[in-house]
Amino acid sequence: MRSAPLSSRNWFPKASAGLVLGLTLALSCVGILGLLCHTNGDPRSPASQYLMWLVAPMWTAVLGSCFMFRTGWRAWGILGGINVLLWALYIGVRSIMS
């Protein structure tokens, strides 16, 4: 069985998965990093500024790589699964840290 080549056929489902799930993925990663770095949430602190500005490159990386999936359904499924795992990790780390 030969797999289908990558194409721009399902660009809208892939792009929407990257936009929606890419943002939530970036926010969960930044949340986990913030908990592990003991950031207090003060927007003037350097750690908070770093984490705030880290969201955009992470989101852009996910959005750019979402076109590597074969179909839009696969993009939604895999990014959704990663989101579930990362948010569960965030909740677990948050419960341990408090």
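The values are calculated or read from the model by the stated rules, or taken from the named source; none is laboratory data. Quick caveat, the model's predicted, so the values are computed rather than measured. Note that each Cβ is placed from the backbone with ideal geometry, even for glycine, and that neighbours are counted across all protein chains shown. Ligands, DNA and RNA are excluded from the accessible area calculation, which covers all protein heavy atoms including side chains. Shrake-Rupley method; radii C 1.70, N 1.55, O 1.52, S 1.80 Å.
What's the carbon and sulfur percent of the range 7-98's accessible surface, probe 1.4 angstrom, rounded to a whole number? Intermediate values should be presented prior to the final figure.
Working: 4410 of 5950 Å².
So the carbon and sulfur contribution to the accessible surface is 74 percent.
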Using alpha carbons only: equivalent-ellipsoid semi-axes of the chain, gyration tensor based, whole Å: 31, 15, 8
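So what is the accessible area of the range 20-98 per residue, in Å², with the probe set to 1.4 Å? List each step's numbers first, then the result.
Numbers: 5100 Å² over 79 residues.
Counting only protein heavy atoms, the per-residue value for the range 20-98 is 65 Å².
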Of M97, S48, P5, which is farthest on the positive side of the dipole of the chain, counting Cα position, with +1 on Lys and Arg Cβ, -1 on Asp and Glu Cβ, and the Cα centre as origin? P5
Between N10 and residues 5 or more places away or on another chain, which pairs have amide H atoms under 5 Å apart, with H built 1.01 Å from N, and which residues are they? none
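Could you tell me the relative contact order of the chain? Use alpha-carbon pairs under 8 Å, at least six residues apart, and round to a whole percent. Before the final figure, lay out each step's value.
On the way: 90 pairs, mean separation 46.4, N = 98.
Dividing the mean separation by the residue count of the chain yields 47 percent.
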Would you mind computing, in nm to one decimal, how far apart the modelled labels at Y50 and T71 are, each placed 7 Å from Cα along Cα→Cβ? 4.2
Suppose only helical runs count, i.e. DSSP H with n ≥ 4. What mean residue ellipticity at 222 nm does that imply for the chain under -39500 (n - 2.57) per run, divided by all residues and rounded to the nearest 500 deg cm²/dmol? -26000 deg cm²/dmol
Note, ³J(HN,Hα) from phi for the range 87-97, Karplus 6.51, -1.76, 1.60, rounded to Hz, x at Gly and Pro: 5, 5, 5, 4, 5, x, 5, 5, 6, 6, 6
